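Just below is one structure, and these are the notes that go with it.
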Amino acid sequence: MGNFQNMVKGIKAGWTGLSKQKRKSLAVLLVSITALVMGLTYYTQKVEYATLFSNLEEVDAGNIVNDLKTKKIKYKLEDNGTTILVEQSEVDTYRIDLAVNDLLPQNSTGFEIFDTTSMMATDEDRKIMYQRAVTGELERSISALDSIETAKVLLSMPEESVFTNQEDKAKASASVVLTTSNGQVPDNSAVQGIASLISGAVENLPKENIKIVDTKGNLLSAALENDSSLNATDMVSKYQMIKNQYEQELEAKLTKTLGPIFGEENINIAVSADMNFDSVEKESVAYSDDPVLRSETISANGGTVDIAEEEGTNTLINEIVGEDGVNSSYDRTANYELDTETTSTSQAPGSLNRLTTSIILNKTLSQAEEEQVQEIAEMTIGFVADRDDQLTVQGMEFAKGPDDTVEADRKEIIGNTIRETLLKDWPYLAGGLGILLLLIVFLMIFMKKSKNSKDNDGEFDFEEAPSSQSMDKLNKELEILRMQNVKDKQENLTKAEQTEKNKQEVSKLTKELNQAMSVKEEATREYVNDNPEASADLLKIWMRDE
């Protein structure tokens with residue numbers, strides 16, 4: 001704090017010691033540099049805006065404004081946010097970027113199309129306008145969903161005829177192209193909701209006649225149809241996504257468990273899951289051991305019926321004996337009921353057949369540590385030995401690759417940042433540099449004066465502005481010089497007297513001395529009064545030489 005105060009005092013003293021002419025020059029220079037910086041700043045930072053889009057929907061305006069903020073492009077909003085203005089030089093380029101990224105506003109026309117209906121419009125024109133209105137309203141409704149950015153709806157509505165029965169009337173159809181947020185795939189419930197929305201808005205449009213695809217060409221409406229109609233490629237992609245998601249969940253669990261111990265950057269985990277996506281249905285039937293007699297039929301011909309049972313068996317022997325002792329026929333049919341139990345089992349696709357996990361740690365592990373890590377990992381992922389799961393834990397130091405690429409990228413980023421800063425803020429930098437140069441010049445003058453003051457300690461400061469006090473000091477200095485010169489002449493006179501020269505020569509020398517001193521003193525005083533600064537500098541130089 002003291003050094004700062006001393007510096008401020010020194011600057012004030014240096015400024016006070018400057019002449020009026022130098023003060024004016026520095027003030028004019030400072031004002032000129034400030035005005036130049038302000039003018040350059042205004043000229044370079046002035047932005048001329050031009051209309052990018054007008055009469056926008058709120059959703060389209062919000063999307064464009066978010067994109068402008070992301071790209072750091074200056075913009076202005078007018079007409080309650082429905083008109084967007086950007087820099088005139090950015091209009092064409094930015095429109096091309098929007099077209100490439102498929103962000104151009106899609107102004108769908110709804111039922112407001114009938115607000116400007118001409119009286120000369122025919123019935124056919126009104127049908128076309130109605131179809132356009134329904135299409136626009138559907139596009140707006142679908143685009144309002146959370147996961148949908150834009151929607152394009154194409155309707156095919158059959159012509160009506162009085163000669164066609166209601167049962168034989170052709171069905172309408174619709175095709176929808178969806179642009180989703182961040183490339184996400186809408187779930188089946190969202191697709192079914194969109195299909196129901198379209199089917200309810202268009203007369204005689206069944207859901208099976210609605211086809212919904214995304215911008216990647218994936219058929220989203222396949223979920224509305226039977227499983228047999230699903231694309232095999234889509235099924236494989238779906239199953240692969242489920243498999244990857246399951247593996248990532250296990251890796252995240254292991255990282256969360258082992259991370260606090262070893263550090264997440266010191267862990268490398270890979271999980272591979274062998275999953276079965278076959279859909280299996282099983283049906284089993286179990287029969288009871290004790291049958292129950294359900295029905296019995298007996299047919300016999302003859303006289304007497306003899307029923308006998310053989311020993312050791314449960315078989316009945318039936319005989320009919322006639323009057324003449326001749327055997328007759330006998331037939332018996334018995335039906336038994338068996339108790340049955342039927343079990344139907346359906347196994348959903350996605351069962352886990354086998355799990356393989358590898359864990360690599362960035363350190364050397366002892367046998368005990370490896371066993372501890374393996375035990376923790378088995379408990380985390382649900383290791384099952386009977387399922388033939390495998391888990392490997394290895395401890396080894398990771399390779400330390402060269403950082404040349406990272407360093408080069410860092411230098412490139414720093415260079416680009418400096419370059420952009422110089423191009424954007426060069427007026428401010430130029431103004432600051434000018435002010436810095438002024439301060440340096442001022443400090444150099446002050447340091448020079450301070451040095452001169454130290455060299456001439458106790459002497460008169462000739463850099464001060466001329467005043468009555470400075471003139472008095474100057475006169476005193478001149479008087480001292482005059483007395484010194486007189487003293488020197490007197491010494492010479494004494495020497496002359498000592499050499500026994502005649503009195504006339506001494507008198508003549510004395511007279512010449514007095515005249516010379518008077519003339520020089522008067523001329524010096526006049527010169528000092530007319531040129532005080534130059535006189536002070538000249539005396540300063542003389543005194544330094546002595």
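Only a single item in (1) modelled with pLDDT under 75; (2) surrounded by 13 or more Cβ atoms within 10 Å (Cβ to Cβ); (3) closer than 30 Å to Thr180 by Cα; (4) touching a strand residue (DSSP E or B) at 6+ places or on another chain (Cβ under 9 Å) is not met by Asp102, and it is number (2). Restricting to region 281-298, and then to whatever is touching a residue at least 40 places away in the same chain (Cβ under 8 Å) and hydroxyl-bearing (Ser, Thr, Tyr), can you tell me which residue is farthest from Pro349 (Cα to Cα)? By that ranking, first place goes to Ser295.
Any residue at all in region 88-96 that's touching an Asp or Glu at 6+ places or on another chain (Cβ under 7 Å) and modelled with pLDDT under 85? Among the residues of region 88-96, at least one is touching an Asp or Glu at 6+ places or on another chain (Cβ under 7 Å) and modelled with pLDDT under 85, which makes the answer yes.
I'd like to check something: does region 38-47 contain any residue that is touching a strand residue (DSSP E or B) at 6+ places or on another chain (Cβ under 9 Å), within 30 Å of Asn80 (Cβ to Cβ) and at pLDDT 75 or above? No: region 38-47 contains no residue that is touching a strand residue (DSSP E or B) at 6+ places or on another chain (Cβ under 9 Å), within 30 Å of Asn80 (Cβ to Cβ) and at pLDDT 75 or above. Taking the criterion of being assigned to a loop (DSSP other than H, G, I, E, B) and at pLDDT 85 or above, the only residue of region 52-71 that qualifies is Lys71. Filtered by the rule that a residue be surrounded by 10 or more Cβ atoms within 10 Å (Cβ to Cβ) and not in a loop (DSSP other than H, G, I, E, B), region 327-347 gives Asn327, Ser328, Tyr330, Asp331, Arg332, Ala334, Asn335, Tyr336, Glu337, Gln347. Restricting the search to region 348-373, which residues are in a helix (DSSP H, G or I) and buried (at least 16 other Cβ atoms within 10 Å of the Cβ)? Result: Glu370, Val373.
Among the candidates Asp306, Asp289, the residue that is at pLDDT below 80, more than 30 Å from the chain's Cα centre (by Cα) and surrounded by 10 or more Cβ atoms within 10 Å (Cβ to Cβ) is uniquely Asp306. A search for C-beta distances below 7 Å between a residue of region 327-352 that is touching a residue at least 12 places away in the same chain (Cβ under 8 Å) and closer than 29 Å to Tyr239 by Cα and any residue that is of a type in the set (Phe, Trp, Tyr) and not in a strand (DSSP E or B), counting only pairs 6+ apart in sequence or on different chains, returns Pro349/Phe277; Gly350/Phe277. Could you go through region 114-121 and let me know if any residue there is at pLDDT 70 or above and either surrounded by 16 or more Cβ atoms within 10 Å (Cβ to Cβ) or basic (Lys, Arg) (or both). No, region 114-121 contains no residue that is at pLDDT 70 or above and either surrounded by 16 or more Cβ atoms within 10 Å (Cβ to Cβ) or basic (Lys, Arg) (or both).
Scanning region 142-156 for residues that are small (Gly, Ala, Ser) and surrounded by fewer than 17 Cβ atoms within 10 Å (Cβ to Cβ) gives Ala144, Ser147, Ser156.
The values are calculated or read from the model by the stated rules, or taken from the named source; none is laboratory data. If you're wondering where the values come from, they're calculated on a predicted model, not measured in any experiment. All Cβ positions, even for glycine, are placed from backbone atoms using ideal geometry, and neighbour counts span all protein chains on display.
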